[in-house]
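Take a look at the structure below.
The values are calculated or read from the model by the stated rules, or taken from the named source; none is laboratory data. Remember, predicted model here, so these are calculated numbers, not experimental data. Don't worry about glycine lacking a Cβ; one is built from the backbone with ideal geometry, like all the others, and counts go over all protein chains shown.
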Amino acid sequence: MNYQKFAEGALEKRAAVIGEMRSVRENSKLSDAEKRKRIDELDLEANRFEAEARDYVERAERETESRSTIARFGSALTGRSERAEIRDEGDEWRGLLPSGNEYRTLIAGGSPSAGGYAVPATVADKWVEHLRNSSVFLKAPGVNVHRFEGGSFVLPSLTSSSTPGVTAEGASIAESAATFAGLTFAPQKYADFYKASNEVISDASVDMRNLIAGVMTRNLAAKVDLDCFQGTGTSQLTGLTKSGVATAVNLAVGNTVVKWDHVISAYSDIEGIGATPGVIWASPDMAKALRTERENSTNGGYLAGQVTDPVAKAGVGLPLLVSANLPAKTVIVADPTRVHIGVRSDVAVAMSEEFLFDKDAVAFRATFRVAGLAVDNPAAVVVIKASAT
């Protein structure tokens, strides 16, 4: 097998990816966020081609050493000198050291004592991802994501203003007053760290670099999503369900599920302050209750719509997003345009082959700096909590 040719091909693909990265950086039509996302994807692809080229080079070196050994054995058995010509092509040398397939025919692969230990188990070149709760907070249409530079930033907020009145002809117009406040966003770093030996990375059937990077990225996204709903604000984000962030509606004893009556009431309350409801977030148990609520209790049509309608996707004209990161028995009705979250830097995955140099291991690090979140009017977000009994 011409490993040199394969290695050169992998390096050519890597060069093409690097060229595409340069083009992305110079593309004025893309936003900074789009550039960063695409460059991160291309960086992982370039690393994969580099690892592929390195693997082919190592295989070529091993094959060269093997053929040199075979040449020495062959000369000893036939009386030829080591300087005798040994052809690289053909099957003349294979009778001395049979290939893996030939050797397997001489043993019982299913019986370890008969040589089965020499037949390694095969590992597929794909990996099965365990199901994780997907991030649904940022799926809400209209959530304000503020990207910023520097240590922190302040979002000015108008809290009150004077009401204008009638002014008589020729009279002075009364001066009005406006009161401002500021929503302060200080970034917090979410981080993940993994390490892997070079043996694992080199010998694995799957692309370990991409696998580890994918796991860390999803873990960070899931944690940030959890904190956006339930964060305490202490060494983490402040979540929507924290006291004082939104308007809390705790249902009386006996109301063990949130019904559409409660959702419609929250919808009307949000409209009453001049906001526009745009999303319903629900915990899985309450989403099930809302979707299965019917006219006349156990019969009649579903209140969310007929079975042929998108019952699982919407209610009262709003998208119904389900998240296991919400506390049980919780439904949130919100105007997402009144919700703000700051992003200092997107998820960045870095790799170091020097940090664990003495252990011949590779270190992987992922970071995500997020600031916020904040609600500019608590009445625009209503958190409905069903009773436990």
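One residue alone among ARG132, ARG147 is under 19 Å from the mean Cα position of the chain (by Cα), at pLDDT below 55 and in the same structural domain as VAL224 (by TED's automatic domain parsing), and that residue is ARG132. Take PHE180 and decide whether it is surrounded by fewer than 12 Cβ atoms within 10 Å (Cβ to Cβ), in a strand (DSSP E or B) and in contact with a Leu (Cβ under 7 Å, 6 or more places away or on another chain). Yes; evaluated as a whole, the condition is true for this residue. Taken over the range 261-282, the residue count meeting the criterion of being closer than 11 Å to ILE384 by Cα and either touching a Gly at 6+ places or on another chain (Cβ under 7 Å) or crowded, with 17+ Cβ neighbours inside 10 Å (or both) is 6. For the range 33-43, residues that are under 15 Å from ALA16 (Cβ atoms) and in contact with an Asp or Glu (Cβ under 9 Å, 6 or more places away or on another chain) total 2. Cβ-Cβ distances below 8 Å connect no pair with a first residue in the range 192-219 that is closer than 15 Å to GLU50 by Cα and of a type in the set (A, V, I, L, M, F, W, C), a second residue that is in a strand (DSSP E or B) and modelled with pLDDT under 85, and a separation of six or more residues or different chains. Got at least one residue in the range 257-275 being of a type in the set (Ser, Thr, Tyr), under 30 Å from THR184 (Cα atoms) and not in a helix (DSSP H, G or I)? There is no residue in the range 257-275 that is of a type in the set (Ser, Thr, Tyr), under 30 Å from THR184 (Cα atoms) and not in a helix (DSSP H, G or I).
Looking across the range 192-213 at every residue that is small (Gly, Ala, Ser) and surrounded by 12 or more Cβ atoms within 10 Å (Cβ to Cβ), the one that is modelled with the lowest pLDDT is identified as ALA204.
When the range 1-17 is filtered for residues that are surrounded by 15 or more Cβ atoms within 10 Å (Cβ to Cβ) and among the hydrophobic types (A, V, I, L, M, F, W, C), the ones remaining, listed by number, are PHE6, ALA7, ALA10, LEU11, VAL17.
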